[in-house]
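Data block below; observations after.
The values are calculated or read from the model by the stated rules, or taken from the named source; none is laboratory data. As the structure is a prediction and not an experimental result, all values here were calculated from the model. Please note: Cβ atoms are built from the backbone with ideal geometry, for glycine as well, and neighbour counts cover all protein chains shown. Accessible surface is based on the protein model in full, side chains and every heavy atom, while ligands, DNA and RNA are left aside. Shrake-Rupley method; radii C 1.70, N 1.55, O 1.52, S 1.80 Å.
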Amino acid sequence: MITTDTAYQKCINADCGAEFDCGQALFKCPECGDLLDIWYRWDNIAVPKTMSDFSKRWANRQNKLDFSGIWRFRELLNFCDDKYKVSIGEGQTILEQNCAVAEYLGMKPDCLFLQYEGLNPSGSFKDNGMSAAFSHATMVGAKSCACASTGNTSASMSLYAHSCGMKSTVFIGSGRIAFGKLSQAMDYGAQTIQIQGDFDDCMRQVQAVCSQLGLYLLNSLNPFRLEGQKTIMYRIIEGLNWQVPDWIIVPGGNLGNSSAFGKAFMELKQLGLIDKIPRMAIINATGANTLTELVNDKGLNWNNARVNQTIIDDYYADLTAQHFSPHTCASAIEISRPVNLKKCLRSIDICDGVVIAVTDEEICDAKAIIGKYGLACEPASAATVAGLKYLLADGIVARDERVACVLTGHPLKDPNVTVNYHKENQGAYSNPPVEVPNDLEEIIKLIK
Ligand code: F0G
């Protein structure tokens, strides 16, 4: 068995709190079934004194761990030896100050920042988490892995799996995945299993399959994945010249990111590396708004690690009774039973967070604006800007506060939504192609 003197796994439930070493691949507390977290023995880790100390790594970027946008912050996710660390060049992402989108939103122009996680090797933020989780998988000697996915997890997992020489199996809901993502899983060599059901059905099946066949699970239930996703926050701080923004805005699906981000800020504050924790807004699609309903309507909260399970059970029993299946054009976040719900509640507690839901129409309009004035993104990512519009209108976010929106996926992941929006004039910002005869004069007339 592998033990590390720097990190261990711990159940998040205060009534359990069981601890396990990092040499085990568990994914759920074996004692009570709740979520597991990675905890660090900070006294045994040489953490830099300031965040800006991490900038020294750039001068040594020929070393792949110093180049990686995950591992150049390795002291903050120190759960395995360097020899196990996996990197395929992830985390070279951009924090763009976008004045035009800020003006569209009615903010002070220099206050809006867009964090483009679509620039990762597989085109989404998932690579942050996979780099960390595959390092753990390598450490424990995993040979075969699996995930359920709305698309991006499957793309990222299959890319990392073949680069680590592992077999990979992905579970997707029939007709529930954007073509760009499906094409990646097939191209990267994953065994792709389409289940006649939605993401939540796939999530249930993959957990059963992994425990029966001993496969390594790569969904965000895997606590090591969330350790990698913390680095998105470190890079936003880096992009702001080592300052913390006032707000982080993130789409909410399976709630891995929001969970990871809150943990990142909690640890940075505890280590004295930041002096304030930003607020966080988590944005659901109205067709997949479990978090919004549970938090805003049912009053569910973290309650010092004693979450009221009855509220959750009753809500899910209602969904089952209604044969509810979530629906949104932002297929990445089409999830009604988010596995990281409780950790997300903790983040809301840490970051004084808020939750709202936006419609598909609002998502598509925001996506068009991000495309017109920025580097573009996939639909789920645009929920951030759509949500920010409401938060500004309601005075929850002030117009002169610095806001970082996490744009989770690349625009080419889901070309269908984009093409339909423009070609079929679906929204206020549609920009359809114009048909013209094959005639020079006619063409010139159109352009003049
Ligand atoms: N944005 C994109 C582009 C995603 O692919 C996902 C999740 C999310 C946001 C939601 O993030 O789960 O951390 O709240 N996609 C998963 C998948 C579920 O299977 O690819 P979350």
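Within the set ALA148, ALA100, ALA185, the sole residue that is open to solvent by less than 10 Å² (accessible area, probe 1.4 Å) and in a helix (DSSP H, G or I) turns out to be ALA185. The set of residues in the stretch 123-168 that are within 26 Å of GLN97 (Cβ to Cβ), near the ligand (Cβ under 9 Å from one of its atoms) and of a type in the set (S, T, N, Q) comprises SER124, ASN152. Has the stretch 338-349 got at least one residue that is more than 11 Å from the ligand (Cβ to nearest atom), open to solvent by less than 10 Å² (accessible area, probe 1.4 Å) and over 16 Å from the mean Cα position of the chain (by Cα)? Checked against the condition, which is being more than 11 Å from the ligand (Cβ to nearest atom), open to solvent by less than 10 Å² (accessible area, probe 1.4 Å) and over 16 Å from the mean Cα position of the chain (by Cα), the stretch 338-349 yields no hits at all. Regarding GLU96, is this residue in contact (Cβ under 8 Å) with a residue 60 or more places away in the chain and either out of contact with any strand residue (DSSP E or B) (no Cβ under 9 Å at 6 or more places or on another chain) or away from the ligand (no atom under 11 Å from the Cβ) (or both)? Yes: the conditions hold for GLU96. One residue stands out in the stretch 193-208 among those that are out of contact with any Ser or Thr (no Cβ under 7 Å at 6 or more places or on another chain) and open to solvent by 40 Å² or more (accessible area, probe 1.4 Å): the one that is farthest from the ligand (Cβ to nearest atom), namely ALA208. Does GLY17 satisfy the criteria of being exposed (fewer than 13 other Cβ atoms within 10 Å of the Cβ) and either of a type outside the set (Gly, Ala, Ser) or not in a helix (DSSP H, G or I) (or both)? Considered against the rule, which asks whether it is exposed (fewer than 13 other Cβ atoms within 10 Å of the Cβ) and either of a type outside the set (Gly, Ala, Ser) or not in a helix (DSSP H, G or I) (or both), GLY17 comes out as no. Scanning the stretch 108-122 turns up no residue that is basic (Lys, Arg) and either surrounded by 22 or more Cβ atoms within 10 Å (Cβ to Cβ) or within 13 Å of the ligand (Cβ to nearest atom) (or both). I'd like to know if the stretch 69-85 contains one or more residues that are closer than 30 Å to VAL209 by Cβ, buried (at least 21 other Cβ atoms within 10 Å of the Cβ), among the aromatic types (Phe, Trp, Tyr) and touching a helix residue (DSSP H, G or I) at 6+ places or on another chain (Cβ under 9 Å). Scanning the stretch 69-85 turns up at least one residue that is closer than 30 Å to VAL209 by Cβ, buried (at least 21 other Cβ atoms within 10 Å of the Cβ), among the aromatic types (Phe, Trp, Tyr) and touching a helix residue (DSSP H, G or I) at 6+ places or on another chain (Cβ under 9 Å).
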